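Below: the structure, in structure tokens.
The values are calculated or read from the model by the stated rules, or taken from the named source; none is laboratory data. It should be emphasised that the depicted structure is a prediction, and the values quoted were computed from it without experimental measurement. Using ideal geometry, Cβ is built from the backbone for each residue, glycine included, and neighbour counts are taken over all protein chains shown.
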Amino acid sequence: MTNLAFIGCAHIHTPSFINMLKKRDDVKVTAVWDYDRERAERRAGELGAAVVEDVAAIWQDASIPAVIVCSETNRHEELVLAGAAAKKHLFVEKPLGMGAKDAWAMAKAIEAAGVIFQTGYFMRSSPVHRFLKEQIAAGHFGKITRIRHNNCHSGSLGGWFDGEWRWMADLAIAGVGAFGDLGTHSLDVMLWMMDQPVTSVTGSIHMVTGRYGDCDESGEALLNFASGAVGAIDAGWVDVANPASLLISGTEGCAWLSEDGLHYKSSHVPGADGGVWADLPSALPHAFELFLDALGGKDVPLVSAGEAALRSAVMEAIYRGAAGQTWVAPVVE
């Protein structure tokens with residue numbers, strides 16, 4: 001049995017993580033800290049855990065080897081650096097940082113500490129994404145010219161961030177608005193599948209309803225890859241559907257994901273004629289479950305701290321490009 005602690009309970013995914021934890025018998029949350037006492041007490045009550053007044057007590061508690069950081073993004077750096085210094089294994093909800101500077105500082109500290117790290121990029125576990133990464137690596141698309149990924153929902157239209165999660169629509173606290181919140185998942189999948197440097201980025205990011213003040217609600221980004229491929233990401237909180245979420249186009253193959261499934265065409269793969277492709281690998285567990293599995297000694301794929309920092313750096317560059325209507329090179333350390 002591995003003891004865990006929650007360090008902050010602000011993120012909208014906190015309830016789903018608690019539900020996952022309740023279904024496992026190999027981990028137990030024994031302590032909960034949040035600067036908001038009411039929030040800490042509520043989540044601790046759901047978990048049968050103790051509320052901790054001073055987060056330093058968790059860093060000093062040798063019986064707690066791992067923590068789950070679900071605080072507001074602007075609190076990540078202080079908490080993650082302290083956790084790394086205390087040699088705690090870390091699950092840190094995405095995005096890792098407000099931008100490049102704090103994200104790279106955290107990544108370096110995590111790597112130096114040699115602890116297990118994971119963040120919430122759950123889309124890597126998808127059978128479709130796993131398959132396409134394999135096909136790209138095998139060269140079955142030829143030279144990729146374009147890759148697009150969309151991740152949208154109706155959060156603004158439905159008022160999802162009107163109450164407890166309102167901070168996620170505050171750029172000073174979250175670091176990003178709707179585009180960065182959902183677009184970071186598309187960004188992660190794209191960088192993971194392409195596995196090559198991004199040389200420059202730009203974006204067009206906008207408010208739509210004005211429900212959350214100056215918080216952006218929709219946008220699109222363009223990314224130039226070192227190979228010459230162009231990536232495009234669509235994300236927002238003002239979409240009534242997300243019917244076509246992925247497209248990869250290359251000189252010898254293409255793939256697209258629509259409501260009826262993955263379509264795949266490649267001159268290298270028998271049967272890949274553009275129809276629905278059903279021969280997919282199995283799904284992996286959710287990113288959070290993979291972290292818990294890793295704590296138990298299982299050899300599972302995780303997101304590295306450097307990968308998480310790069311996503312924050314690229315997203316910051318996209319926002320800068322959108323603000324200045326120009327191309328920006330991401331900060332890479």
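Brief remarks follow.
- All of Arg75, Arg124 fail the test of being of a type outside the set (A, V, I, L, M), under 21 Å from Ala44 (Cα atoms) and assigned to a helix (DSSP H, G or I), apart from Arg75.
- Taking the criterion of being assigned to a loop (DSSP other than H, G, I, E, B), under 23 Å from Ala56 (Cα atoms) and among the aliphatic types (A, V, I, L, M), the residues of the stretch 1-34 that qualify are Met1, Ala10.
- Between Gly159, Gly120, the distinction of being over 30 Å from Asp293 (Cα atoms) and in contact (Cβ under 8 Å) with a residue 12 or more places away in the chain belongs to Gly159 only.
- Leu171 being of a type outside the set (Gly, Ala, Ser) and free of Cβ contacts under 8 Å to residues at least 24 places away in the same chain: no
- Test: residue in the stretch 314-326 that is among the small types (Gly, Ala, Ser) and within 17 Å of Arg124 (Cα to Cα): no
- Residue check, Gly210 of a type in the set (Gly, Ala, Ser) and either surrounded by 16 or more Cβ atoms within 10 Å (Cβ to Cβ) or in a strand (DSSP E or B) (or both): no
- Against the test of being more than 30 Å from Asp36 (Cα to Cα) and among the small types (Gly, Ala, Ser), the options Ser156, Ser200 yield a single qualifying residue, Ser200.
Yes or no, residue by residue, for (1) under 30 Å from Lys88 (Cβ atoms); (2) part of a loop (DSSP other than H, G, I, E, B); (3) of a type outside the set (S, T, N, Q); (4) at pLDDT 95 or above:
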| residue | (1), (2), (3), (4) |
| --- | --- |
| Arg130 | yes, no, yes, yes |
| Thr145 | no, no, no, yes |
| His149 | no, no, yes, yes |
| Trp160 | no, yes, yes, yes |
| Val176 | yes, yes, yes, yes |
| His185 | yes, no, yes, yes |
| Trp192 | yes, no, yes, yes |
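- The set of residues from the stretch 80-96 being touching a Gly at 6+ places or on another chain (Cβ under 7 Å) and either touching a residue at least 60 places away in the same chain (Cβ under 8 Å) or not assigned by TED's automatic domain parsing to the domain that holds Thr14 (or both) comprises Glu93, Lys94, Pro95.
- Single unsatisfied condition, Ala62 versus (1) touching a residue at least 12 places away in the same chain (Cβ under 8 Å); (2) not in a helix (DSSP H, G or I): (1)
- Residue within the stretch 281-300 that is within 30 Å of Gly175 (Cβ to Cβ) and aromatic (Phe, Trp, Tyr) present: yes
- Hits in the stretch 293-331 - residues which are within 28 Å of His263 (Cβ to Cβ) and either surrounded by fewer than 19 Cβ atoms within 10 Å (Cβ to Cβ) or without any contact (Cβ under 8 Å) to a residue 60 or more places away in the chain (or both): Pro301
- Filter pass, Leu290 being crowded, with 17+ Cβ neighbours inside 10 Å, within 22 Å of the chain's Cα centre (by Cα) and part of a helix (DSSP H, G or I): yes
- Hey, Trp237 crowded, with 18+ Cβ neighbours inside 10 Å and aromatic (Phe, Trp, Tyr) or not: yes
- Subset of the stretch 217-254 (residues that are hydroxyl-bearing (Ser, Thr, Tyr), part of a strand (DSSP E or B) and either within 22 Å of the chain's Cα centre (by Cα) or at pLDDT below 95 (or both)): Ser218
For (1) of a type in the set (S, T, N, Q); (2) out of contact with any Lys or Arg (no Cβ under 6 Å at 6 or more places or on another chain); (3) crowded, with 24+ Cβ neighbours inside 10 Å, each residue gets a yes or a no:
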residue: Ile136; (1), (2), (3): no, yes, no
residue: Ile144; (1), (2), (3): no, yes, yes
residue: Arg148; (1), (2), (3): no, yes, no
residue: Asn151; (1), (2), (3): yes, yes, no
residue: Gly163; (1), (2), (3): no, yes, no
residue: Asp181; (1), (2), (3): no, yes, yes
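- Among the residues of the stretch 99-129, those that are among the basic types (Lys, Arg) and either within 25 Å of Ala178 (Cβ to Cβ) or crowded, with 19+ Cβ neighbours inside 10 Å (or both) comprise Lys101, Arg124.
- Qualifying positions in the stretch 235-265 - out of contact with any Leu (no Cβ under 9 Å at 6 or more places or on another chain), in contact (Cβ under 8 Å) with a residue 40 or more places away in the chain and of a type in the set (D, E, K, R): Glu252
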